[in-house]
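The values are calculated or read from the model by the stated rules, or taken from the named source; none is laboratory data. None of these values were measured; they are calculated from a predicted model. Methodologically, a virtual Cβ is constructed for each residue, glycine included, from the backbone with ideal geometry; neighbour enumeration extends over all protein chains shown.
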Amino acid sequence: MSVALKQSADAPINRTNIPCDFDHGLGTRARIGIIQLATDQTSEHEFRQVMNRPGVATYASRIYNATTITPETLKALEGEVEKGTSLILPGLRLDVVGFCCTSGAVIIGDDQVASLIRKVRPGISYSSPMAGAIAGMKAVGLRRVAMLTPYVQEINDRMRAYIEARGVSVPIMGSFSIADDAKVAVISERATRDAAIALAREAPVDGVFVSCTSIRTLGIIEEVEAALGKPMVSSNQGMAWHMLRLGGIKDEISGFGKLLRTQLG
């Protein structure tokens, strides 16, 4: 005699192999990878504001860096680049990879950073804050710029030489002279705005460049441009613009300066 067992009302139910369909996922227009520094408090926040475009997806990894920014600590980033690249969607499509350190791109050299990234991602489009800024300055017609940085003088001198070797003159430069990356991230936007405007008024320039991904700039670019009647380019804004354009995104984005309404030349 068999006895039928009733299933308890609270017994677990497991359903497997439920039918589903698939789409193309995120980043249908562009998939952008970003290698950020472990200490960077600013760039990720600013990139989200600029690159929040339909069909655009960003994916970041972080690499170790010393808190104190010197030529020696920046050079040490070279050994982290391939690892940082390998951690971004391994085996899956990316359209652009960016190395998010302005001074690091100068000390190591953009060509060398791009070469290291392409060992992991052959043929990938490459950007950095410096590569993006130089392309951006040229796109908006800046041939003479006032440059504002947070760096110590040795880095300032090398950055000025790097930019001028690529066809943009830097007749005036100013610095907050802060080596601690954590302190750079809490420089007030007002201080950066006022310093950028004052520098650009001291010499005959076409516009202003504010260097460093840790400095907060996105909220002041429109104010600086309105005060000067000239374009402002910053590290995060320039790199975000460059990565979007390299990824085939031609959207004109308002609210963050003339550059983001400009196409890549």
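From 202, 164, which residue is among the charged types (D, E, K, R), outside the structural domain of residue 49 (by TED's automatic domain parsing) and over 24 Å from residue 99 (Cα atoms)?
Working: 164 fails: over 24 Å from residue 99 (Cα atoms).
Result of the check over 202, 164: 202.
Quick one: in the stretch 40-85, which of the residues that are crowded, with 20+ Cβ neighbours inside 10 Å and among the polar types (S, T, N, Q) is nearest to residue 121 (Cα to Cα)?
This residue is 85.
Restricting to the stretch 166-193, count the residues that are of a type in the set (Asp, Glu) and surrounded by 15 or more Cβ atoms within 10 Å (Cβ to Cβ).
Qualifying residue count, the stretch 166-193: 1.
Quick check: anything in the stretch 172-181 among the charged types (D, E, K, R), in contact with an Asp or Glu (Cβ under 9 Å, 6 or more places away or on another chain) and either under 20 Å from residue 99 (Cα atoms) or modelled with pLDDT of 95 or more (or both)?
Yes, some residue in the stretch 172-181 is among the charged types (D, E, K, R), in contact with an Asp or Glu (Cβ under 9 Å, 6 or more places away or on another chain) and either under 20 Å from residue 99 (Cα atoms) or modelled with pLDDT of 95 or more (or both).
Of all residues in the stretch 194-208, which are surrounded by fewer than 18 Cβ atoms within 10 Å (Cβ to Cβ) and farther than 15 Å from residue 226 by Cα?
202, 203, 204
Given the criterion under 19 Å from residue 160 (Cβ atoms), assigned by TED's automatic domain parsing to the domain that holds residue 176 and not aromatic (Phe, Trp, Tyr), identify the matching residue among 208, 224, 186.
208
Just to check your reading of the model, which residue among 146, 139, 161 is surrounded by 20 or more Cβ atoms within 10 Å (Cβ to Cβ) and over 20 Å from the mean Cα position of the chain (by Cα)?
Values: 139 fails: over 20 Å from the mean Cα position of the chain (by Cα); 161 fails: surrounded by 20 or more Cβ atoms within 10 Å (Cβ to Cβ).
Going through 146, 139, 161 in turn, just one is surrounded by 20 or more Cβ atoms within 10 Å (Cβ to Cβ) and over 20 Å from the mean Cα position of the chain (by Cα): 146.
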